[in-house]
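The values are calculated or read from the model by the stated rules, or taken from the named source; none is laboratory data. Nothing here was measured: the structure is a model prediction, and the numbers come from that model. Reconstructed Cβ throughout: ideal geometry from the backbone, glycine too, with neighbour counts over all protein chains shown.
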């Protein structure tokens, strides 16, 4: 978190009562309604100095020369910087500030908090953590990236790039901290290059989400060896070697009671016996589930938990192609899901945040089905 403290002096000609009323009843609601600005905030508190010689005024170092203090807590330094260049802030809030702030006499300063007595822990907070999300610009990966950015994490997306990925990452960067690293994880050279790119951006990785994957379906007689090898390389080989190459950064992020997290994205296809002719896909996702358990057995004692999510059917290019190939399949599938719907961004994003936060710190080696009861109920 990053805290901005603004010491405010009312403009000339405004009485103390007018200042208090305007600040509380006009400016605060105006700022609160500016979602462009407030989505970067954790909190905004106004302190009006009725007694300008009060100890509170002295505590802030204003020596009674100011009429109030505004304390704004942002998710991180990047969020603070972005908030003050948002279009609606520049159009609505900034023009209003001279109405009550003597901009030539007021001052502000930024501080990082030094915790002396902690408030009750937010079990689901991941603010300030660094997250790497592979395949994080499309489908389920994009849902995960969005949830992590909105929760205050600094997100590094590893994806193949292209205009769609670049546009997605740029849009997400307007909401928080997001950087696109363009690499192809289907080759070992690509895995090594991606790891080096991550290492150039950060010395700690608190959360690694191995989501990148590919899917094909074909009759037994039609499945080609190169299709099989491509799915094994991206779906199963890349997750292991990313953990291997980023292990120093994961260990560096591990803290007492707050381990680093590896979250592998498996699939319901690895849980049930229905082939759907996705032989390589279901086999590699089964491998991801077992790899999760094996890594957890070694890494948990090193301060890194390893868990997997097995999603059911979520809106994505993969499921759209699957449903389009068989008319009526989508409706049939939804009818068979006890929850009577496809998964939503909140469903997958919330599960990742649970696993990545203090709430999930004691869980390792688990395979969590997130599928509306389709397999588990």
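Computed values, structure above
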item	result
Filtered residues of the range 172-192 (kept if assigned to a loop (DSSP other than H, G, I, E, B) and in contact with a strand residue (DSSP E or B) (Cβ under 8 Å, 6 or more places away or on another chain))	176, 183, 185
Hits in the range 71-130 (condition: in contact (Cβ under 8 Å) with a residue 60 or more places away in the chain, within 30 Å of residue 260 (Cα to Cα) and assigned to a helix (DSSP H, G or I))	77, 78, 79, 80, 82
Some residue of the range 200-210 being modelled with pLDDT of 95 or more and either in a helix (DSSP H, G or I) or not assigned by TED's automatic domain parsing to the domain that holds residue 250 (or both)	yes
Sole residue being in a helix (DSSP H, G or I) and touching a residue at least 40 places away in the same chain (Cβ under 8 Å), chosen from 374, 291	291
Positions within the range 252-269 being part of a loop (DSSP other than H, G, I, E, B) and farther than 14 Å from residue 204 by Cβ, in sequence order	256, 257, 266, 267
One residue from 283, 222 being surrounded by 15 or more Cβ atoms within 10 Å (Cβ to Cβ) and out of contact with any helix residue (DSSP H, G or I) (no Cβ under 7 Å at 6 or more places or on another chain)	283
Lone unmet requirement of (1) assigned by TED's automatic domain parsing to the domain that holds residue 153; (2) touching a helix residue (DSSP H, G or I) at 6+ places or on another chain (Cβ under 6 Å); (3) not in a helix (DSSP H, G or I) for residue 362	(2)
Of the criteria (1) assigned to a helix (DSSP H, G or I); (2) modelled with pLDDT of 85 or more, which one residue 6 fails	(1)
Residue in the range 222-235 that is touching a strand residue (DSSP E or B) at 6+ places or on another chain (Cβ under 6 Å), in contact (Cβ under 8 Å) with a residue 12 or more places away in the chain and not in a strand (DSSP E or B) present	no
Count of the range 319-359 residues which are buried (at least 18 other Cβ atoms within 10 Å of the Cβ) and assigned to a loop (DSSP other than H, G, I, E, B)	4
Filter pass, residue 195 being over 18 Å from the mean Cα position of the chain (by Cα), surrounded by 19 or more Cβ atoms within 10 Å (Cβ to Cβ), assigned by TED's automatic domain parsing to the domain that holds residue 342 and not in a loop (DSSP other than H, G, I, E, B)	yes
Test: residue in the range 251-269 that is farther than 28 Å from residue 301 by Cα and touching a helix residue (DSSP H, G or I) at 6+ places or on another chain (Cβ under 8 Å)	yes
Residues satisfying the stated conditions in the range 149-171, i.e. surrounded by fewer than 24 Cβ atoms within 10 Å (Cβ to Cβ) and assigned to a loop (DSSP other than H, G, I, E, B)	151, 152, 160, 161, 162
Qualifying positions in the range 37-60 - under 23 Å from residue 98 (Cβ atoms), at pLDDT 85 or above and either outside the structural domain of residue 87 (by TED's automatic domain parsing) or surrounded by 12 or more Cβ atoms within 10 Å (Cβ to Cβ) (or both)	37, 38, 40, 41, 44, 46
First in the range 242-269 and surrounded by fewer than 20 Cβ atoms within 10 Å (Cβ to Cβ), second anywhere and part of a helix (DSSP H, G or I), Cβ under 6 Å, 6 or more apart	245/195
